[in-house]
1. Within the set of pairs 6 or more residues apart or between chains, which connect a residue that is under 20 Å from Gly220 (Cβ atoms) inside region 121-150 to a residue that is charged (D, E, K, R) and part of a strand (DSSP E or B) with Cβ atoms less than 6 Å apart?
2. Within the bounds of region 200-210, is there any residue that is crowded, with 23+ Cβ neighbours inside 10 Å and in contact with a strand residue (DSSP E or B) (Cβ under 7 Å, 6 or more places away or on another chain)?
3. Out of Gly159, Gly178, which single residue is at pLDDT 90 or above, buried (at least 23 other Cβ atoms within 10 Å of the Cβ) and within 19 Å of Leu110 (Cβ to Cβ)?
4. Would you check if Gly165 is in contact with a His (Cβ under 8 Å, 6 or more places away or on another chain) and among the small types (Gly, Ala, Ser)?
5. If we keep just the residues of region 211-222 that are among the hydrophobic types (A, V, I, L, M, F, W, C) and open to solvent by less than 10 Å² (accessible area, probe 1.4 Å), which is farthest from His136 (Cα to Cα)?
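The values are calculated or read from the model by the stated rules, or taken from the named source; none is laboratory data. Being a predicted model, the structure only gives us computed values, none of them experimental. In this analysis, Cβ positions are derived from the backbone assuming ideal geometry, glycine residues included, and neighbour counts consider all displayed protein chains. When the accessible area is computed, the model is the full protein with side chains, heavy atoms only, and any ligands, DNA or RNA have been set aside. Shrake-Rupley method; radii C 1.70, N 1.55, O 1.52, S 1.80 Å.
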Amino acid sequence: MYEENDSENFQYEYEIYQTKLKQQKRRKILKLLLVLILVTALTAWLIQPGMFSLLWNQSDVVVNEPVDSDSTEDVTTTSDSIGDDEKDPLYLLAREVFDLTNEERAKQDLSEFIWNDKLYEAAQIRADELNILYSHTRPDGSDGIFILRDMGIYFNYVGENIAIGYLAPEDIVKAWMGSEGHRENIENRNFRYLAVGVARITETEKFHPDSYTWVQLFYGIV
């Protein structure tokens, strides 16, 4: 038998159910908002304003085999003068790699890279860091390319080639061109600027004492 009391109980339970549904919906919305805020904050920290895409080759690693010790063998503002560094033999090696790289670009009818001093400073730091940790990860655990962020260089399309243990510019350029990942960076049409970092090797027990660490930093706008 249906009684009025039953109707009141049903209405009461229904209202409780609706209240719970609303509370669950609010909690879901709050969670989504929190996730959105965290993602936005993390993205802003990682890429900074003005950066809207990122190319990052982390798999391209070239290591020369150890050689016997008695063997012989702002970025978009163009800048092409380095002052006293022009007398630095490491700088001269870097410029030779730069020139050889542009020769490879010319073979593919690609525009020449533009040298940039600020980018060169970053590449030189990375070359020194490779003596500490040979990796696309920096000794502090951050991605290698974020040397640009630390130096206040805004970027949206960047790449890095690294190598260790090679003695001469022509050797390392030949090695990079023989590696698909490295060659893709060198022949990438979207890269407009390039700088090269070179540092003397410190692990002489593993590598030829006259060899070097090598870094190419590529910078583009897409």
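1. So the pair list comes out as Gly144/Glu160; Ile145/Glu160.
2. Going through region 200-210, the residues crowded, with 23+ Cβ neighbours inside 10 Å turn out to be none.
The answer is no; no qualifying residue exists.
3. Working: Gly178 fails: buried (at least 23 other Cβ atoms within 10 Å of the Cβ).
Of the residues listed, the single one that is at pLDDT 90 or above, buried (at least 23 other Cβ atoms within 10 Å of the Cβ) and within 19 Å of Leu110 (Cβ to Cβ) is Gly159.
4. Values: in contact with a His (Cβ under 8 Å, 6 or more places away or on another chain): yes; among the small types (Gly, Ala, Ser): yes.
Yes: the conditions hold for Gly165.
5. Filtering region 211-222 for residues among the hydrophobic types (A, V, I, L, M, F, W, C) gives 214-215, 217-218, 221-222.
Pick out the ones that are also open to solvent by less than 10 Å² (accessible area, probe 1.4 Å) and you get 214-215, 217-218.
On the way: Trp214: 12, Val215: 10, Leu217: 12, Phe218: 14 Å.
So, considering only residues that are among the hydrophobic types (A, V, I, L, M, F, W, C) and open to solvent by less than 10 Å² (accessible area, probe 1.4 Å), the one farthest from His136 (Cα to Cα) is Phe218.
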